[in-house]
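Asks: Can you read through this structure? Questions will come right after.
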Amino acid sequence: MVSIPIATLVLLAAYLFAQPTPTLTAEQRADILMARKMYREAVEVYKEAPLDSAIIWNKLGIAHHQMQLLDEARKHYEKAVKLNPRYSEAINNLGTIYYAHKSYGNAIKQYEKALQLTPDSPSILTNLGTAYFARKKYDEALQFYTRAVALDPQVFDRRGTSGLQVQERSVEERAKFHYTLAKTFAKAGLLDQALQNIRFALEYGFKERDKFKIEAEFAGLQSNTDFQQLLATEPHVL
């Protein structure tokens, strides 16, 4: 075994500790603040980053979005799109602003633009589905949800805002929404998720229980004991 003198070890340790710690960029520091939900502070730090970056403007938009400052968020998303007209994340996020203002037709237009640029984005597909759902076009909503779940079975478990893209989660018809999700998951063969959403639908007051027995999407659940018990039980309505 080679013996290293104590003095040499001390000098080596001193050298290592003297090395400078890598400095975080303004964007990285702001990202950390976003993760800590310190959105106002994140905005100030993002402004220290290069402002010729569409990514920075999109992140500024998300920070304002999280604070429910929707008009400010829209301006920042629009700036991001102006800098990069093919930036699908910012286009999607702009759609969520229209959705929040219940301008569902304009939201759909933005989501469709974003989807043309990134056709395999589960979050954009769910946003499109939710916008069609809000317009009571349930068949179209189901189609987009089905495509999204085929790409990412966990897409509805994701956080509403993740990284660069906002995923819309607010709907008014909660019972109908969970019924539609139950159909989506049952059609995909994801029975646990289907059962969970059947339970949610019933708890939110879904009245048309026969649909769970006669619609083709639920055929694979008919012999399932949990499914049978769900339909036999009167849930506590939320």
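Asks: Would you mind stating whether Leu142 is touching a Leu at 6+ places or on another chain (Cβ under 7 Å) and assigned to a helix (DSSP H, G or I)?
Replies: no
Asks: Considering (1) within 13 Å of the chain's Cα centre (by Cα); (2) surrounded by fewer than 18 Cβ atoms within 10 Å (Cβ to Cβ); (3) closer than 16 Å to Thr180 by Cβ, say which one Thr130 fails and leave the rest.
Replies: Checking Thr130 against (1) within 13 Å of the chain's Cα centre (by Cα); (2) surrounded by fewer than 18 Cβ atoms within 10 Å (Cβ to Cβ); (3) closer than 16 Å to Thr180 by Cβ, the one that fails is (2).
Asks: Can you tell me which residues in the stretch 139-154 are surrounded by fewer than 18 Cβ atoms within 10 Å (Cβ to Cβ) and either out of contact with any Lys or Arg (no Cβ under 9 Å at 6 or more places or on another chain) or free of Cβ contacts under 8 Å to residues at least 12 places away in the same chain (or both)?
Replies: Matches in the stretch 139-154: Asp139, Glu140, Gln143, Ala150, Leu151, Pro153, Gln154.
Asks: A follow-up question, please. Using beta carbons and a limit of 7 Å, which pairs, at least six apart or on different chains, have the first residue in the stretch 53-75 and at pLDDT 95 or above and the second one among the acidic types (Asp, Glu) and surrounded by fewer than 22 Cβ atoms within 10 Å (Cβ to Cβ)?
Replies: Pairs found: Ile56/Glu27; His64/Glu72.
Asks: Follow-up question, since we're still on this one. Got a number for residues in the stretch 172-226 being assigned to a loop (DSSP other than H, G, I, E, B) and of a type in the set (Val, Ile, Thr)?
Replies: 0
Asks: Next question, about the same structure. Need the failing condition index for Pro235 against (1) in a helix (DSSP H, G or I); (2) in contact with an Asp or Glu (Cβ under 7 Å, 6 or more places away or on another chain), just the number.
Replies: (1)
Asks: Are any residues in the stretch 57-101 in a helix (DSSP H, G or I) and more than 24 Å from Gln116 (Cβ to Cβ), and if so, which ones?
Replies: Leu60, Ala63, His64, Gln66, Leu70, Asp71, Glu72, listed by residue number.
The values are calculated or read from the model by the stated rules, or taken from the named source; none is laboratory data. All figures in this text were calculated on a predicted structure; none of them were measured in a lab. Counting neighbours? That spans all protein chains shown, and the Cβs are built from the backbone with ideal geometry, glycine included.
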